[in-house]
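Peer 1: Got a structure for you, questions after.
Nothing in this text is a laboratory measurement; each read-out follows from the coordinates by a stated rule. Please read these numbers as outputs of a predicted model, since none were measured by experiment. A quick note on method: Cβ atoms are made from the backbone with ideal geometry, for glycine too, and the neighbour counts reach across all protein chains shown.
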Amino acid sequence: MRDILAVLNIIKWGPRRMFRAKTVLLLVLAGSLFMRSAVAISSSKEGQSATDRTDYVGDAKCHTCHREVAQNYQHTPHHLTSQLATIDSVHGSFQNGANSLVINDPAQSAEPGLQFHMESKKDGLFETARSGWGSQVYQRTERIDLVTGSGVRGQTYLFWQGNRLFELPASYWSDGHRWINSPGYIDGTADFSRPVNPACLECHATYIRALSTNPATNRYDRKSLVPGISCESCHGPGANHVQQMRHATTAKDPSILNPAKFSRDMQVDLCAECHNGIQREGLAAAFSYIPGHPLKEYFKQLPSPDVEHPDVHGNQVGLLQRSKCYRSSEQMSCSTCHDVHTTGQSLESYSAKCLSCHNWQSCGMSKEMGNKITNKCIDCHMPVEETNVIVSQTAGQVVHAKMRNHWIKVYADARQPANGAKADHP
Ligand code: HEC
Ligand code: HEC
Ligand code: HEC
Ligand code: HEC
Ligand code: HEC
Ligand code: HEC
Ligand code: HEC
């Protein structure tokens with residue numbers, strides 16, 4: 001029954017969208033930022049050891065010896081950035097009254113009367129799109145199988161159809177705790193046909209085995225999925241280390257990668273695997289990157305407008321690298337400010353990092369504000385900005401993302417800290 005309805009809807013929803021093409025160009029652009037362009041893999045690294053995962057042991061093993069680190073890590077956005085769907089991992093509401101996505105004008109929609117309903121049932125969580133009236137009602141329901149995004153800004157949900165993975169049309173946005181059209185989707189349409197390619201999961205999961213080397217494929221070995229970003233995503237395969245440490249008489253073990261021992265460039269490359277924007281071409285099989293190796297052997301960065309104008313996908317690497325702090329110092333890396341193993345660093349603690357290289361007196365505002373500026377450096381020199389890229393357009397409302405600008409510099413309009421604290425005039 002569900003399948004027949006699904007087929008009806010593919011026929012119905014497929015071609016109709018064409019008519020609205022012009023008006024939604026902007027949204028499509030936003031959508032294309034969200035999805036990596038599919039480009040053929042060059043032959044040099046094709047298939048290279050990407051499917052040989054026997055040296056990867058999983059986080060539970062690390063937990064036995066690095067208990068404190070591993071326990072804290074469980075709560076980080078990295079660990080939670082993809083999960084199997086449960087009532088806890090899905091942040092969107094299933095409560096009556098808050099479990100629907102309203103279209104701007106259902107009568108004018110490409111799918112007259114279109115509505116989305118999200119339901120929690122005994123056998124899972126579901127998104128349903130329904131349109132039409134009377135006896136001409138069309139309906140498609142799909143299960144929410146996978147969650148992408150820990151929910152800091154939002155979450156996008158995915159569903160399986162056999163071994164093929166697709167994106168669902170309704171996403172969650174944390175600002176306002178509401179359902180929105182998935183990024184790049186057109187208000188008033190219900191599209192269940194957007195495939196999820198390996199690039200998406202390469203940044204949001206530890207591993208999944210694709211059934212084809214075509215980067216546009218969405219066919220996977222479902223059982224091979226390791227959700228979340230794991231210790232070994234950044235430390236490399238751990239089997240050897242675990243083996244060594246079980247019988248070790250010494251604590252020195254070169255077989256596990258410690259990024260602190262990489263060159264600055266290789267340290268930043270590790271983070272750039274996922275934090276350098278999403279406009280790039282894969283040169284090697286997904287999941288084949290090993291930390292400590294030059295990223296340019298795995299990805300070709302494409303010029304993109306999203307460095308300064310991100311959607312939910314920022315480009316902290318590109319922006320930080322424009323900063324004088326980065327260019328004039330040899331040691332600044334992402335780890336200067338971030339400890340990826342924990343959460344809950346206060347904003348003030350980041351300003352303290354500035355003071356490892358600067359005196360607060362070297363700031364032109366110090367005369368005016370006195371030492372009050374010492375814990376407010378980032379408010380003025382790394383402001384939070386609302387980006388002008390449309391994440392989603394839903395029911396007439398335009399949704400933008402707020403991002404911390406990683407270009408450390410003097411901002412013309414930043415003579416007062418953004419958090420509302422007033423300058424002190426003696
Ligand atoms: C049987 C115990 C044991 C297990 C299991 C284990 N480790 Fe270790 N690990 C150690 C010890 C002991 C050290 C050295 C002391 C330290 O740095 O804590 C170490 C050191 C490290 C270092 C620093 C290496 C360096 O060169 O400075 C990293 C990184 C690391 N482990 C990561 C991991 C990861 C990731 C896992 C899971 C794949 C893991 N460990 C599993 C015992 C273990
Ligand atoms: C395999 C991909 C990947 C790698 C490698 C990676 N990140 Fe991330 N990072 C993500 C994703 C995805 C998110 C968004 C998590 C979410 O909220 O769903 C994220 C979020 C973050 C955040 C914001 C959340 C928080 O924990 O405060 C920081 C900061 C961060 N990453 C820093 C780093 C640094 C520093 C490195 C390098 C040492 C790094 N990341 C490496 C994928 C990655
Ligand atoms: C190049 C790596 C990369 C690719 C490809 C990528 N993402 Fe992301 N994604 C990230 C990072 C990193 C963040 C955190 C962004 C930040 O804070 O700057 C993020 C953020 C998100 C968020 C918001 C998370 C939160 O907690 O607020 C969602 C949802 C998301 N991505 C979904 C997707 C989906 C779905 C795809 C595939 C269609 C995808 N992403 C492709 C790296 C990537
Ligand atoms: C997003 C990338 C990332 C993930 C995920 C990650 N680490 Fe790390 N880890 C790093 C970086 C970067 C450093 C080096 C930090 C520095 O420069 O001081 C590091 C350092 C370490 C060290 C050495 C600490 C020291 O004091 O020298 C250990 C041990 C470690 N990590 C264990 C783990 C374990 C266990 C997990 C999983 C629970 C894990 N890491 C997950 C990036 C990561
Ligand atoms: C690793 C050392 C280091 C850290 C950490 C650091 N800086 Fe810098 N910063 C420098 C160096 C070196 C320069 C260039 C020389 C100079 O102008 O003093 C610089 C330059 C600057 C400039 C001038 C930028 C321009 O475009 O003219 C500002 C503003 C600044 N830093 C603010 C900060 C703030 C705020 C922080 C913390 C968020 C910070 N810095 C963290 C090393 C650092
Ligand atoms: C000079 C300090 C500093 C450095 C260096 C730095 N960050 Fe950040 N980063 C911050 C601050 C401050 C925030 C905001 C934290 C908050 O709001 O809790 C932040 C937030 C983030 C976020 C969350 C997204 C957002 O917009 O809030 C990500 C992802 C991130 N940083 C990644 C990186 C990566 C990758 C690097 C290296 C290229 C890096 N950062 C280097 C200070 C820094
Ligand atoms: C209220 C906003 C504000 C705060 C807070 C603030 N700054 Fe500044 N900072 C500025 C402005 C504006 C300038 C340019 C001043 C001028 O030209 O007179 C500046 C200039 C600077 C410069 C010199 C840039 C140059 O011309 O080379 C440095 C370095 C700097 N700040 C570092 C810091 C550090 C470190 C902190 C935290 C202790 C900090 N600032 C806190 C607004 C701020």
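Peer 1: How do Ser131, Ser174 rank when sorted from fewest to most other Cβ atoms within 10 Å of their own Cβ?
Peer 2: The fewest-first ordering by Cβ neighbours comes to Ser174, Ser131.
Peer 1: Let me ask something else. Of Lys300/Lys324; Lys61/Lys252; Lys367/Lys409; Lys61/Lys324, which pairs sit farther than 30 Å apart, going by alpha carbon to alpha carbon?
Peer 2: Correct reply: Lys61/Lys324.
Peer 1: Then there is this: What ranking do 379-387, 277-285 get when scored by the average of other Cβ atoms within 10 Å per residue, highest first?
Peer 2: With the highest mean Cβ count within 10 Å placed first, the list reads 277-285, 379-387.
Peer 1: Within 10 Å, Cβ to Cβ, of Leu168, how many net charges do the neighbouring residues add up to if Lys/Arg are +1 and Asp/Glu are -1?
Peer 2: Once all neighbours under 10 Å are counted, the net charge is -3.
Peer 1: Moving to a separate point now. With the contact rule set at Cα under 8 Å and sequence spacing of 6 or more, what percent relative contact order holds for the stretch 345-426?
Peer 2: 29
Peer 1: Further question: Please give the net charge around Val69, taking every other residue with its beta carbon less than 12 angstrom from that of Val69, where Lys and Arg add +1 and Asp and Glu add -1.
Peer 2: Net local charge, Val69 excluded: -2.
Peer 1: Now a separate question. Can you check what the net charge comes to around Cys377, using other residues whose Cβ is under 10 Å from the Cβ of Cys377 (Lys, Arg +1; Asp, Glu -1)?
Peer 2: Result for the local shell: 0.
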